[in-house]
Every structure is written in structure tokens, then in C-alpha cells.
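Derivation of every value follows stated rules applied to the coordinates shown; laboratory data play no part. Here the structure is a predicted model, which is why all the values come from computation and not from measurement. Note that we place each Cβ from the backbone using ideal geometry, even for glycine, and neighbour counts take in every protein chain shown.
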Amino acid sequence: MKGTDMFKNRYAALAFAAAITTAGGLAAAAPAHAEDPIVKLVSSQNGKCLQPVNASVLQGDAIVQMACNGSREQQWTVKGVSSTAVHLVNRNSGLCMDARGGATNGTPIQQWTCNSISNEKWGFGITNNLLGSFVAGTASHCVATPGSLDGLPMELRFCDGNVSQLWSRPAG
């Protein structure tokens, strides 16, 4: 890897970490009286929405991308868990988006019963709409789509700002 590319990758990771640890964006906890927002998570790379595989309600099933269709399985409730992190709870299954493993490239994204573990804590960077994981107390890895086909399971990748890591979050 050339020196400039390595610098850009390190800079992107540091910028993401700084962005999600500041106030603002989706990561801010909602006041107790406000309703939790419901969003779709839409890939900037291909316009597909995140949902559990086959609209599953089972713990441990993969989070995949499918053509957006407005269904409940493509809706996520954003629940603030701290000033910098949220749980993303699928409206169909009631389960949280979860990183099945550590902060490494290729860690699969699944749904799991919501609890207080770091694998279920997420944050959006203020810029570039990176969907970052707080797994193991880090902020170095982001949800990425490995391609454009329907049904592809999502995975963690080192946050570098690649279009495969960019997600919009329109109201569900």
C-alpha cells in the first residue's frame, strides 16, 4: 500500500472515531418523552435496504441487503443507549443489529436479543454517513456491503469512507 493511501485510511478511521464521539447526528440519545425514530438503512452504493435474511425473526440470522419495499423487516427503531451509541432494533423481529465477533474485516452482521454488550452499539459519523460499530470499545470498523446482489450478508470492514460503507437513513 502506498504511503498516501495508508495515510488516507488512517485519517478516515480517525475522522470517523472523532465524529461519532462528538455530539450530534443519529448517535445522540433521545429525550425520555420523545418517540424513538424509525428509519430505513439504505446503501449509498446500490440503494438497497438492510433487513434480516428472509424476514427472519430468529436470533443469529444474518442481516442482508434487499431491494427496498417499505416492509417492517426493513424498518429499524433507533434507541439511544448513550450519548454516542444507539441500538438498531428491527421492527419485525424486535432483535438488535449485532456484530458476530470482534472488530475485524469480515465480521458478519446478525440480529440478536438486545442487551448491553458492545457488539450491539452503533453510531453514524457526522460526515459521510458511515455506520460504525463500537464492538470491543473500538470505533474502527463500519458496516459494509460486499456487493450489489440481493441477499448478500453484511459485514464489518475497516472504516475508510468507501461507498460500500455509506448509509442513508430516511424515515421508515
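Structure notes:
- Residues (out of contact with any Cys (no Cβ under 7 Å at 6 or more places or on another chain) and either in a helix (DSSP H, G or I) or touching a residue at least 60 places away in the same chain (Cβ under 8 Å) (or both)) located in region 93-121: 118, 119
- Residue list for region 126-165, restricted to those being among the hydrophobic types (A, V, I, L, M, F, W, C) and either in a loop (DSSP other than H, G, I, E, B) or surrounded by fewer than 20 Cβ atoms within 10 Å (Cβ to Cβ) (or both): 126, 134, 136, 139, 149, 152, 154, 158, 159, 163
- Out of 90, 69, sole residue that is without any contact (Cβ under 8 Å) to a residue 40 or more places away in the chain, in contact with a Phe, Trp or Tyr (Cβ under 8 Å, 6 or more places away or on another chain) and under 17 Å from residue 42 (Cβ atoms): 90
- In region 113-124 there is at least one residue matching the filter, namely being in contact with a Phe, Trp or Tyr (Cβ under 6 Å, 6 or more places away or on another chain) and of a type in the set (Lys, Arg).
- Looking across region 40-63, the residues that are under 14 Å from the mean Cα position of the chain (by Cα) and without any contact (Cβ under 8 Å) to a residue 60 or more places away in the chain come down to 49, 51, 52.
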